[in-house]
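Below you'll find the structure, written out as structure tokens, and then a few comments.
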Amino acid sequence: MKINCNIIQDLLPLYIDDFCSKESSSLVEEHLRECETCSKIYNEQKSEIKVNAEVIKDNLKAKKPFKKITRNFIVSLVLVFILSVTAILTYNTLDGERVGFSTISGRVKSEIFLRHLEKGEFEKAAEKLRFFGVIYEGLTAEEEKSQWINGMKKLKNEGIEIVSHRETVIETDDGFTCGYTTIEIKYNNKLYDFTLGLYTNSEKVELGYLGYSVDPTLSEAEVEIKEMIANKFNEFIRTYYPG
């Protein structure tokens, strides 16, 4: 989950002093692993409190009341900030537009799925997908899941490999949460852009078709390759129809 750097930096003093909850600490640690800027600020703040042990001992009584006031002040500011953000997200969720809890949740679920997908971890990726089963083909949900995993492995063996994703967009329209992401697929040492539909109303991600646009700079052969890749990929995606 991509958390705003300002929020993480506000939480750093509490995290350093071990005042954060387990959930907040996990969010901070995940962000620090990915964000070089916040990691640098964290190391600077952490090093600042590593003062001489004798100085701490001599000044503990004098500093303790001020430190308590400072911590209480910081905690109050963070609580006010969190409550404000919560109120805004709650309003947006009820309003059904803009960024709300449902869009954030959908974005997080999608990002986790996509990370596993581009790493070739198809079993883990499948755990984040919702499978319904295909009645007209006599497939149960578990059989459909197995078919998807085997299909993705087959594509990779044929040289069709998902290498990255970007521009993930999740929006809410009249209570329905969905979106898309742009994924890069490598084939014959060349990268091609595709758009993958994402539906996130349920607890897990439901996939839409893999689509693509025709870039006028592409040759006819390259357009045919994109069409071939999309057709092969869509064989293993049971398009979700919102109803």
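Coordinate-derived values only; no laboratory data. Predicted model, so just to flag it, every value in this text is computed and none were measured. Cβ atoms come from the backbone with ideal geometry, glycine included; neighbour counts cover every protein chain shown.
Here is how the numbers come out for the structure above:
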| item | result |
| --- | --- |
| Ranked 10, 215, criterion: other C-beta atoms within 10 Å, fewest first | 215, 10 |
| Cα gyration tensor category, rounded, prolate or oblate, for segment 111-206 with a/c compared to 1.5 | oblate |
| Gain on full stretching of the segment that runs from residue 215 to residue 163 - 0.36 nm per residue minus C-alpha separation | 16.7 nm |
| Amide H contacts of residue 140 (H built 1.01 Å from N, under 5 Å, at least 5 apart or other chain) | 134 |
| Coil-residue trypsin sites (Lys or Arg not before Pro) of segment 147-222, DSSP, other Cβ within 10 Å capped at 15 | 204 |
